[in-house]
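Structure first, commentary second.
The values are calculated or read from the model by the stated rules, or taken from the named source; none is laboratory data. Because the structure is predicted, anything quoted here is derived from the model rather than measured. Because the Cβ atoms are built from the backbone with ideal geometry, glycine has one as well, and the counts that use them run over all protein chains shown.
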Amino acid sequence: MDIYEEIVKLRQEGRRGAVATIVNVRGSIPSFETAKMLVRDDGSIAGTIGGGCVEAEIWQAAREVMENEKPRTLTFNLNRDPKYDTGLVCGGTLDIFVEPVLPPALLYIFGAGHVSVNLYKVARNAGFDVTVVDDREAYANRERFPEAKEVIAEDFDRAMARLAPNESAYLVIVTRGHRDDMRVLRWAVQTAARYIGMIGSKRKAIAIFRELTKEGLSADLFERVHAPVGLDIGAITPEEIAVAITAELIAARRRVERDLPHMSWFHSRKRETGVPKAEVLEESEEEV
């Protein structure tokens, strides 16, 4: 079994895993330097780094690396720790590097106007696979988005009915109007997408959130929503707005934990006051 082919297959299926590689050996070990083992998200493995307790511990570490999406290096001393005794004449030390295997970051852009064209370009250069959705063929076409993974020119409701964003998906809503933004957001917050962003003013965002919660959607569903979308870098032009949005997408993909200048009023309000999202929505009634 070719472990590299297995990694490619895993990513093509939209799944995740972790690869463990022996990167340094000192003394005698029951394997060899550069040996690799792939741990898939279902717990199955391909390859080996020598078996025994070391491999069992690496399997557990790989599960954590998948979850955290951050690599780790582990060191094992086979001579000093009796639990690693394999019954063989092995008394060496080995370092094992465990790195995540993640599916491609899928960016769905709803709307195909000026901001979308620039967002497609910047986000694609940042490593996102981009799909563009718009109900206007004059805008959603291969001439405007030549290297997009997919360009869908049909009614938003029909397009959304056949899309199933997973936890590796990022949704950005930049349609041409309030009504379409609300239609897409209503659907988006009920998907498994990691990130949801919507363009527009604070007033517009509050009005749409308030309307959707009146329809019965839980306020908790909006925890992933960034509206207004993007980082606050003073962006004005479509080109600059695309950079601000992509920067926020990258921060979400890399799981940045430090405070960033998010444009989203809901995120900044909750961070500053500690008020739960549901209460923020209620308080916003007076500001609309």
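Please note which strands (runs of 3 or more DSSP E) are completely contained in the stretch 1-68 and include at least 1 residues that are buried (at least 16 other Cβ atoms within 10 Å of the Cβ) and polar (S, T, N, Q). Spell out the reasoning first.
Values: elements: 17-26, 36-40, 45-47.
Strands (runs of 3 or more DSSP E) meeting the threshold: 17-26.
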Are any residues in the stretch 94-138 in a strand (DSSP E or B), more than 15 Å from the chain's Cα centre (by Cα), touching a residue at least 60 places away in the same chain (Cβ under 8 Å) and over 30 Å from SER28 (Cα atoms), and if so, which ones? PHE110
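Please determine whether any residue of the stretch 140-147 is among the small types (Gly, Ala, Ser), over 22 Å from the mean Cα position of the chain (by Cα) and surrounded by fewer than 18 Cβ atoms within 10 Å (Cβ to Cβ).
no
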Out of all the residues in the stretch 251-271, is one or more within 17 Å of VAL174 (Cβ to Cβ), at pLDDT 95 or above and part of a loop (DSSP other than H, G, I, E, B)? no
Here are the criteria: (1) more than 13 Å from the chain's Cα centre (by Cα); (2) crowded, with 22+ Cβ neighbours inside 10 Å. Tell me which single one ALA169 does not satisfy. (1)
Filtering the stretch 208-225 for residues that are among the charged types (D, E, K, R), over 17 Å from the mean Cα position of the chain (by Cα) and not in a loop (DSSP other than H, G, I, E, B) leaves a count of 4
Pull up the stretch 4-42, narrow it to residues that are under 18 Å from the mean Cα position of the chain (by Cα) and small (Gly, Ala, Ser), then point me to the one that is farthest from ALA62 (Cα to Cα). GLY14
Some residue of the stretch 80-88 being at pLDDT below 95, assigned by TED's automatic domain parsing to the domain that holds SER28, among the hydrophobic types (A, V, I, L, M, F, W, C) and surrounded by fewer than 18 Cβ atoms within 10 Å (Cβ to Cβ): yes
